[in-house]
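Here is the structure we will look at, set down as structure tokens.
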Amino acid sequence: MVEEPPMTEREKILGRIREALTVDAPHPGTHGGHEPAFHFKGRPVQVAQPWLPPDGSTLEEQVARFRTASTELKTDFHFVESAEAAAAVLARIRDAGHWRRVATHNGELTTTATAALGLPVLTVDGGYDVNALEACDAGITECDALVAQTGSVVVNSRNAGGRALSVLPPHHVVLARREQMVGDLTAAFALIKQRYGADYPSMISFITGPSRTGDIERILVLGAHGPKQLTVICH
Amino acid sequence: MTAPVQDFLVQARIVARDLRHRGLIQRALGKYEVARDRKQAAFGSWQSARQAAAETKWDAINHLDQYLDQFAQRLEARGTKVHWASNGAQAREIILGIIKSKGAKSIIKSKAMTAEEIHLNDAMEQAGYEVVESDLGEFIVQLRHEPPYHIVFPAMHLTRDEISDLFQRKLGSAPTNEPEELTMIARRALREKYLTADIGITGANFAIAETGMISITENEGNARLTAALPKTMITLLGIEKVLPELADLALFLPMLATAGAGQTMTGYNTMYGGPRQPGECDGPKEFHVVLLDNRRTELLADPEQRDALHCIRCGACLNVCPIFRNVGGHTYGTTYSGPVGSVITPHLRGLQDWKHLSASSSLCGACTEACPVKIDLHHHLLHNRRNAATGKPSVLERLAYHAFAFVANRPALWLFGKEVARLFQPLHVFVKGSYLDPARPWTATRDTPEMAPESFKEWWRNRR
């Protein structure tokens, strides 16, 4: 055992916090002796769902919402009937983008789909050379969920090829099944919790549209650091 | 007078009359307002969502010791090293220590206001390390050796031509006035840095106690790359960033995006719960989280203004503030500008030196209305004014009020004063606003109302 110093910074900071909190602060909206507009029963986020942007209860509604969001975000969204149709879409994108080399990870959807492209494939599982990944024209991944409310794709570092595959190549293609569509962010977080419990991946990312910036005169430019193009193919 | 107030007055005078600045800011914020209003309208109830967000942050801040402890324990359980820093010097020392122990040379950084607060870049550069800001706006202001102009839009005060000139000088690029081409110049310059950087430094928007995760919100993907490629990742965040549960983000991510930039959801919202885990193919081998107090606990100890720690740094209060829009972000001379900066800076850096920020407000309340977590901003500006006056009352001001009370309580004296004033007012035009004018601070920029030919009392008497 290393001998501990008399009081660590952690203890000092937590001590200052406890001391400060011995005096109560008023609830939000009660400054000046006003009564709050209403009292929450339970956690606010559990009752907040109807106040947030709309989701959609049926798959049709959810697909429609995801499509609307995608149009605005400039995400290229394809909702097709079968795996064959999805493969055809991917082949079209390969030709249009003049791909020479793609990167992917092992997965139920990705392995067959990338093999069918007839291009050199870099598979990132088990480690990869970062310069080789940088030289790929596209990164093809699966996802945890598609979120209708926001048009987001949820990927993680365990089953979407790590941290870099979805941001380093200039084009990110997501392959998904229709069962993966969820209504809103609340449902997406519930799914993450249910799927991983306490053993969650080291990174979980909600990707909403291609990489973008408005830092120069607030004018939208795509592909600031991450992918210039985001394609979602769902069947 | 202290130095910060003099700087503020000089800068404010210059910037408020700069028509180029005015045009740029009005155009940028005009666009923001249109987008924000449209996105707020898409909420089922933006006002109710604000109340829910405020209650959630109230819970987090008023149980900060428990949540912070839980956050640190969960992170440590999965191999993250958590450091605690009471002040900026300690935080800098911790971070420099990590960099040194790794034998690192180059550092890539994604946007972190907390790092600005403790002047981390200066410290790293003085120690001989190369630090590159990767957020486009931050990259631009770093090349200009300037602090960020705005907490969300760091290079908002520059035109594309100025940025093009800057890139020509510093990066040797060809001139262009296309924002897209300028962005690609920066992208190419930064790609190289990413591939060679030894250390990635980020900030954080939220700290999730339940799962032990930090959450980073960004549009460009630069923080994603910063957290993916270098072997060591360091995250610096203030202790107030805590949220109790992962699911709370379902509320906070869309609210931050809407209030901050008029988006439904920011491009990348990413939660990091540790270094590379077994079975993962990339990511940093080491993950360090540095928790910074730096006098936040002093603000916490003031129950009246404790809700200022609810701030999620969206910048909405800056965007709507008539003062910010007139004097600009750099005039404040602080890391956090605008209404929230005026509220918290006196707590973080000393009330008497920074009390003038609380006076530079029209008290219109636009900031309070705009705040997604309902911080009572404009009342806190009044609280700061009161606290500053109680702590160090101005003798002259108090004398003036005593003199006024003395006269106002004696009708004969009041009447005499009024007659004298009426007699001499026509002569006031000759000295108005000049150094001979006893009321100069007021009259220099304002018209003086003319006294009525007869008082109400006289009018009433004559009428009967």
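Brief remarks on what is shown
- Which numbered condition B:Pro147 fails, given (1) in a helix (DSSP H, G or I); (2) open to solvent by 30 Å² or more (accessible area, probe 1.4 Å); (3) of a type outside the set (A, V, I, L, M, F, W, C): (1)
- Residue that is least open to solvent (accessible area, probe 1.4 Å), among those in segment A:71-108 that are among the charged types (D, E, K, R) and more than 18 Å from the chain's Cα centre (by Cα): A:Arg94
- Residue in segment B:187-195 that is over 22 Å from A:Pro170 (Cα atoms), of a type outside the set (D, E, K, R) and open to solvent by less than 10 Å² (accessible area, probe 1.4 Å) present: no
- On the stretch given as segment A:160-178, residues that are surrounded by fewer than 24 Cβ atoms within 10 Å (Cβ to Cβ) and either under 12 Å from the mean Cα position of the chain (by Cα) or closer than 15 Å to A:Asn131 by Cα (or both) total 1.
- Qualifying residue in segment A:31-38 (condition: open to solvent by 80 Å² or more (accessible area, probe 1.4 Å), at pLDDT below 95 and more than 25 Å from B:Met255 (Cβ to Cβ)): no
- For segment B:282-301, the set of residues classified as at the interface with chain A (Cβ under 7 Å from one of its Cβ atoms), farther than 11 Å from A:Ser202 by Cα and of a type outside the set (Gly, Ala, Ser) consists of B:Asp293, B:Thr297, B:Leu300, listed by residue number.
- Note on segment B:308-397: enclosed helices (runs of 4 or more DSSP H) holding 1 or more residues that are open to solvent by less than 10 Å² (accessible area, probe 1.4 Å) are B:316-320, B:322-327, B:338-349, B:356-359, B:377-391.
- For segment A:145-159, filtering for residues that are crowded, with 24+ Cβ neighbours inside 10 Å and farther than 16 Å from B:Arg224 by Cβ leaves 6.
- Residue pairs meeting the criteria (Cβ under 8 Å; at least 6 apart or on separate chains; first more than 7 Å from chain A (Cβ to nearest Cβ) and in contact (Cβ under 8 Å) with a residue 24 or more places away in the chain, in segment B:217-228; second among the basic types (Lys, Arg) and open to solvent by 10 Å² or more (accessible area, probe 1.4 Å)): B:Glu218/B:Lys111; B:Ala223/B:Lys111
- Given (1) open to solvent by less than 80 Å² (accessible area, probe 1.4 Å); (2) facing chain B (nearest Cβ under 9 Å); (3) assigned to a loop (DSSP other than H, G, I, E, B), number of the condition A:Asp24 does not satisfy: (1)
- Restricting A:Ile204, A:Ile140 to those that are over 13 Å from the mean Cα position of the chain (by Cα), aliphatic (A, V, I, L, M) and open to solvent by less than 10 Å² (accessible area, probe 1.4 Å) reduces the list to A:Ile140.
- Tally of residues being in a loop (DSSP other than H, G, I, E, B) and either more than 23 Å from B:Glu192 (Cα to Cα) or among the acidic types (Asp, Glu) (or both) across segment B:95-125: 2
- Being outside the structural domain of B:Arg27 (by TED's automatic domain parsing), open to solvent by less than 10 Å² (accessible area, probe 1.4 Å) and out of contact with any Gly (no Cβ under 8 Å at 6 or more places or on another chain) holds for only one residue in B:Glu138, B:Glu162, B:Glu130, and it is B:Glu138.
- Number of the condition not met by B:Pro175 [criteria: (1) farther than 28 Å from B:Cys317 by Cβ; (2) modelled with pLDDT under 95; (3) within 11 Å of chain A (Cβ to nearest Cβ)]: (3)
- Scanning segment B:62-83 for residues that are facing another protein chain (nearest Cβ under 9 Å), under 19 Å from B:Met233 (Cβ atoms) and open to solvent by less than 20 Å² (accessible area, probe 1.4 Å) gives B:Ala72, B:Val82.
- Of residues in segment B:302-344 being of a type in the set (Lys, Arg) and on the phi < 0 side of the Ramachandran plot, the one nearest to the other protein chains (Cβ to nearest Cβ): B:Arg306
- Scan segment B:105-127 for residues that are surrounded by fewer than 21 Cβ atoms within 10 Å (Cβ to Cβ) and farther than 20 Å from B:Ser337 by Cβ and the total you get is 6.
Yes/no per residue for (1) among the hydrophobic types (A, V, I, L, M, F, W, C); (2) modelled with pLDDT under 95:
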| site | (1), (2) |
| --- | --- |
| B:Met1 | yes, yes |
| B:Pro4 | no, yes |
| B:Gln40 | no, no |
| B:Asp65 | no, no |
| B:Ala77 | yes, no |
| B:Gly97 | no, no |
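- Residue in segment B:217-225 that is within 17 Å of B:Cys311 (Cβ to Cβ), at pLDDT 95 or above and crowded, with 24+ Cβ neighbours inside 10 Å present: yes
- Filter result (touching a residue at least 60 places away in the same chain (Cβ under 8 Å) and either more than 7 Å from chain B (Cβ to nearest Cβ) or of a type outside the set (Val, Ile, Thr) (or both)) within segment A:186-211: A:Ala187, A:Gly209, A:Pro210
- Options B:Ala207, B:Ala259: the member that is of a type in the set (Gly, Ala, Ser), buried (at least 24 other Cβ atoms within 10 Å of the Cβ), part of a strand (DSSP E or B) and more than 9 Å from every other protein chain (Cβ to nearest Cβ): B:Ala207
- Scanning segment B:265-295 for residues that are touching a helix residue (DSSP H, G or I) at 6+ places or on another chain (Cβ under 9 Å) and surrounded by fewer than 23 Cβ atoms within 10 Å (Cβ to Cβ) returns B:Asp282, B:Glu286, B:His288, B:Asn294, B:Arg295.
- Failed item in (1) more than 30 Å from A:His39 (Cα to Cα); (2) surrounded by 22 or more Cβ atoms within 10 Å (Cβ to Cβ); (3) outside the structural domain of B:Lys241 (by TED's automatic domain parsing), with B:Arg27 passing the rest: (2)
- The residue of segment B:247-256 that is nearest to B:Ala370 (Cα to Cα), among those that are open to solvent by less than 10 Å² (accessible area, probe 1.4 Å) and in contact with a helix residue (DSSP H, G or I) (Cβ under 6 Å, 6 or more places away or on another chain), is B:Met255.
- Hey, A:Thr111 within 22 Å of the chain's Cα centre (by Cα) and either open to solvent by 50 Å² or more (accessible area, probe 1.4 Å) or not polar (S, T, N, Q) (or both) or not: yes
- B:Gln51 being free of Cβ contacts under 8 Å to residues at least 40 places away in the same chain, facing chain A (nearest Cβ under 9 Å) and not β-branched (Val, Ile, Thr): no
The values are calculated or read from the model by the stated rules, or taken from the named source; none is laboratory data. Bear in mind that the values here come from a model prediction, so they are computed numbers and not experimental data. With ideal geometry, Cβ positions are generated from the backbone for all residues, glycine too; neighbour counts draw on all protein chains shown. Heavy atoms of the whole protein, side chains included, go into the accessibility calculation; ligands, DNA and RNA do not. Shrake-Rupley method; radii C 1.70, N 1.55, O 1.52, S 1.80 Å.
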